[in-house]
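So the structure is just underneath, and the comments pick up after that.
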Amino acid sequence: MDLSKKIFLALGIGFFLGSLFNYLGVMQEKFFIDFIEIPGSLFISSLKMLIVPVVFFSIVSGVSNLSNVSTLGRIGTISVILYLITTCIAITLALIFSNIIDPGIKKNITGLETVLKQEAPALKDVIINIVPSNIFKAFTEANMLQVIFFALIFGITLNLIKKNNVKLKDGILLLNDLFLKMIEVIMHIAPYGVFFLIFKTFLTQGFETIFELGEYFFTVLLVLIIHLIFTYGGLLLILGKINIFKFFSKMKNSMLFAFSTSSSAATIPVNLKTVEENLGVKKSVASFTVPLGATINMDGTAIMQGVATVFIANTYGIDLSVADFMSVILVATLASIGTAGVPGVGLIMLTMVLNQVGLPVEGIALIIGIDRILDMTRTAVNVTGDATISCIVAKIEKKLDLKKINS
Ligand code: ASP
């Protein structure tokens, strides 16, 4: 059986057993839950362990071999613009569909407590923090924008020192290969990790929560699917001349990893490998666009935020004006840049959006119970967006090997 089939099977069994045990009320004791948390957490940590070295060595080896460093500025500009455009489309679709479906619940909403313990970071700080004042801190904290920034400078400088740089370049290429190989090794334990992650989610959350908030849940799901098929599919077809069925079939592993870990950051190593090896994007583009996307591009998250805004407004009986919708588009797009690619952060960033249009932040308490499950689906969309834009940028830069995707 190939790896994706195994992961898929593990996911199905985890979902089935978790929901069943939750329904029967067995294994609900803290002891069991703590115990089954161990394998899943080990799996996520082993993926996270690779993020910084994989991103650093990929970017340095990609950039240090560019014949013309000025292309880097172009690649950066095109990717940031495309990332922002797709996020704007995502949130617009979310607002359109949630206004048509009009999700809301008739529930007594008095007495809901504020569940938020964290503050959303200010955009100003996100921008200032791109340049690390201490590279060791950037590395130990796995601050992706800072690691990307330093890796770019490192690669460019290595390119500029023409004399005696070959050995270092070769060494970095070798280390890059080594870490890519390490991803392959870790992928072999993925089915077990995925099983425990999904099993625990459904064991503790149950399946019925989905139906309690059915309208909200299915609206988010519908818009995520529409965005996947039409926005990404359309872009790949029109700008990339890429067969979208082949694209999605090559993306299986990345999407499954994102789904089970609920973390775009933890999926960076796997997605980088997929984008380079299965989709044929050259390292000089992928090494930069994939980690950048995992950090600043969160279309799935923006979709959840759009639908959640309308849902909370409906539930509290507050009308939103066209101007409100415009500011939701703007703020959710900016929030997407500041959202870290780890589980649940999208919900915290939703406070920014709600504040902007004067909706009660406590409304988040209504949807928090179901967020873990939606987080899995939106993270799968987030990483697909990163891969899509990587392919488009590579196509524009003539750095896409269509043979790989078509093979
Ligand atoms: N879990 C999401 C991601 O990693 C972020 C979020 O929406 O909470 O992409």
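Every read-out reported here was derived from the displayed coordinates using simple, explicitly stated rules and does not represent laboratory data. Computed from a predicted model, the values in this text were never measured in an experiment. Here the Cβ is made from the backbone with ideal geometry for all residues, glycine too, and neighbour counts use every protein chain on show.
Tell me, what is the FRET efficiency for residue 42 and residue 74 to the nearest 0.05, using R0 = 41 angstrom and their Cβ-Cβ distance as r? Write out the running numbers ahead of the final one.
Working: r = 41 Å, r/R0 = 1.00.
Plugging the Cβ-Cβ distance into 1/(1 + (r/R0)^6) gives 0.50.
Given R₀ = 22 Å, FRET efficiency for residue 131-residue 157 by Cβ-Cβ distance, to 0.05?
Values: r = 15 Å, r/R0 = 0.69.
Rounded to the nearest 0.05, the efficiency is 0.90.
Can you sort 152, 82 so the residue with the fewest Cβ neighbours within 10 Å comes first?
Values: 152 19, 82 22.
In order of increasing Cβ crowding within 10 Å: 152, 82.
Say the dipole of the chain comes from +1 at the beta carbon of Lys and Arg and -1 at that of Asp and Glu; which of 201, 221, 394 then lies farthest toward its positive end?
Among 201, 221, 394, the one farthest towards the positive end of the dipole of the chain is 394.
Give me the Å³ per residue figure for the convex hull around the C-alpha atoms of the stretch 161-320.
Numbers: hull volume 26.3 nm³, N = 160.
Dividing the Cα hull volume of the stretch 161-320 by its residues yields 164 Å³.
Would you list 252, 399 from fewest to most Cβ contacts within 10 Å? Provide the component values of the computation, followed by the final result.
Details: 252 17, 399 20.
Listing 252, 399 from fewest to most nearby Cβ atoms yields 252, 399.
From the mean inverse distance of alpha carbon pairs (Kirkwood) and the Cα radius of gyration, derive Rg over Rh for the stretch 165-206. List each step's numbers first, then the result.
Values: Rg = 17.9 Å, Rh = 12.7 Å.
So for the stretch 165-206, dividing Rg by the Kirkwood Rh gives 1.40.
Quick one: net charge around residue 4, please, counting Lys, Arg +1 and Asp, Glu -1 for every other residue with C-beta under 12 Å from its C-beta. Mind dumping the intermediate values first?
Working: positive: 5, 6, 250, 252; negative: 2.
Residues close to residue 4 contribute a combined charge of +3.
More than 37 Å apart: what percent of Cα pairs in the chain qualify? List each step's numbers first, then the result.
Details: 17692 of 82621 pairs.
The proportion of pairs with Cα distances above 37 Å equals 21 percent.
Using a 10 Å cut-off on Cβ atoms, rank the peptides 308-314, 275-281, 368-374 from the highest mean neighbour count down. Each step should come with its number before you reach the end.
Details: 308-314: 25.0, 275-281: 23.1, 368-374: 19.0.
Final packing ranking: 308-314, 275-281, 368-374.
At 0.36 nm per residue, and after removing the present C-alpha to C-alpha distance, how many nm does the segment from residue 67 to residue 277 gain when stretched out fully? Before the final figure, lay out each step's value.
On the way: separation 210, 0.36 × 210 = 75.60 nm, distance 2.15 nm.
Answer, rounded to one decimal: 73.4 nm.
Once the piece of chain linking residue 212 and residue 1 is laid out straight, how much longer is it, given 0.36 nm per residue of separation minus the C-alpha distance between them?
Working: separation 211, 0.36 × 211 = 75.96 nm, distance 3.70 nm.
Here the segment from residue 212 to residue 1 would lengthen by 72.3 nm.
Mind scanning 137/200; 124/167; 124/200; 169/252; 273/398; 162/404 and naming the pairs with a C-alpha gap bigger than 30 Å?
Numbers: 137/200 33 Å; 124/167 40 Å; 124/200 37 Å; 169/252 32 Å; 273/398 19 Å; 162/404 32 Å.
Too far apart for the 30 Å limit: 137/200; 124/167; 124/200; 169/252; 162/404.
What nm value, rounded to one decimal, do you get for the distance between residue 167 and residue 185 when each label is placed 7 Å out toward the C-beta?
Taking the simple label geometry, residue 167 and residue 185 are separated by 2.6 nm.
In nm, give the distance between the simple-model label positions of residue 9 and residue 29, each being 7 Å from the Cα along the Cα-to-Cβ direction.
Placing both labels 7 Å along Cα→Cβ, they lie 3.2 nm apart.
Run the quick spin-label model on residue 49 and residue 243: label points 7 Å from Cα toward the beta carbon, then report their separation in nm to one decimal.
Label-label distance for residue 49 and residue 243, simple model: 3.9 nm.
By count of other Cβ within 10 Å, fewest leading, how are 375, 102 ordered?
On the way: 375 25, 102 12.
If I rank by nearby Cβ atoms, fewest first, I get 102, 375.
Under the Kirkwood approximation for Rh and a Cα-based Rg, what ratio Rg/Rh is obtained for the stretch 155-224?
1.37
Based on the Cβ-Cβ distance of residue 174 and residue 406, what FRET efficiency does E = 1/(1 + (r/R0)^6) give at R0 = 22 Å, to the nearest 0.05?
Values: r = 30 Å, r/R0 = 1.36.
Here the calculated transfer efficiency is 0.15.
Averaged over every viewing direction, what's the projected area of the C-alpha convex hull for the stretch 290-359? Give it in nm², one decimal, please. Show your work: numbers first, answer last.
Working: hull surface 17.2 nm².
So the mean shadow area of the Cα hull is 4.3 nm².
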